Amino acid sequence: DDIVWDDITHPDSPFHGKDEVGSVYTSIIDAIPDVHLRSVKRFSGEDGRFVVDESIITGHVHGEWAGLHGGGAPVEIRILHIFEVRDGLISFENAWFDAAEVQRQINAWKAQLDS
């Protein structure tokens, strides 16, 4: 119930509580309905209390993500999550990804459509 989600690229971050965090995740899924997250490396420490996960996000951005409307642009972005787990639940999540790379891929895709 008291989860904190801190996305360094989001201007309204951090988000507090299940409702706020759930709303942000819903907006991501709405923006990238075919989102796929593939874990590349995962590390944990202190008996699973902390988890670091490097993943690749792929999908087509139909809505707004990272400050840009995608228009259906395909993206492939590396993302790093740092989780703190308490009583088997995520109590803190920190997300790191290169929003400029998202914008670069969307703009490149749109430029191809215009040519």
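The values are calculated or read from the model by the stated rules, or taken from the named source; none is laboratory data. Since we're looking at a predicted model, the values are computed, not measured. Note: ideal-geometry Cβ built from the backbone for every residue, glycine included; neighbour counts use all protein chains shown. These area figures cover heavy atoms from the full protein model, side chains too; ligands, DNA and RNA do not enter into them. Shrake-Rupley method; radii C 1.70, N 1.55, O 1.52, S 1.80 Å.
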| Residue count, region 18-40 (criterion: outside any helix (DSSP H, G or I) and not polar (S, T, N, Q)) | 8
| said: Take T58 and tell me if it is touching a His at 6+ places or on another chain (Cβ under 6 Å), under 30 Å from L113 (Cβ atoms) and open to solvent by less than 60 Å² (accessible area, probe 1.4 Å). | reply: yes
| field | Options A111, A100, A95: the member that is of a type in the set (G, A, S) and touching a strand residue (DSSP E or B) at 6+ places or on another chain (Cβ under 6 Å) | value | A95
| said: Exactly one condition in (1) within 21 Å of Q105 (Cα to Cα); (2) touching a residue at least 60 places away in the same chain (Cβ under 8 Å); (3) open to solvent by 30 Å² or more (accessible area, probe 1.4 Å) is false for F92; which is it? | reply: (1)
| said: Would you confirm, using the coordinates I've provided, whether D47 is in a loop (DSSP other than H, G, I, E, B), at pLDDT 95 or above and either among the polar types (S, T, N, Q) or open to solvent by 40 Å² or more (accessible area, probe 1.4 Å) (or both)? | reply: no
| remark: If we keep only residues of region 105-115 that are under 13 Å from V61 (Cα atoms) and not hydrophobic (A, V, I, L, M, F, W, C), then the residue surrounded by the most Cβ atoms within 10 Å (Cβ to Cβ) is Q105
| said: Show the residue pairs meeting these rules: Cβ distance below 9 Å; 6+ apart or different chains; first residue within region 38-57 and within 12 Å of I77 (Cα to Cα) and touching a residue at least 40 places away in the same chain (Cβ under 8 Å); second residue of a type outside the set (V, I, T) and surrounded by 11 or more Cβ atoms within 10 Å (Cβ to Cβ). | reply: I57/H36; I57/L37; I57/E76; I57/R78; I57/F97
| task | Give me the pairs, please: first residue somewhere in region 10-33 and touching a residue at least 60 places away in the same chain (Cβ under 8 Å), second residue anywhere and among the charged types (D, E, K, R), beta-carbon distance under 9 Å, and either six or more positions apart or on two chains. | result | V21/E93
| query | Which of the residues belonging to region 24-43 are open to solvent by less than 90 Å² (accessible area, probe 1.4 Å) and over 27 Å from A111 (Cα atoms)? | reply | V24, Y25, T26, S39, V40
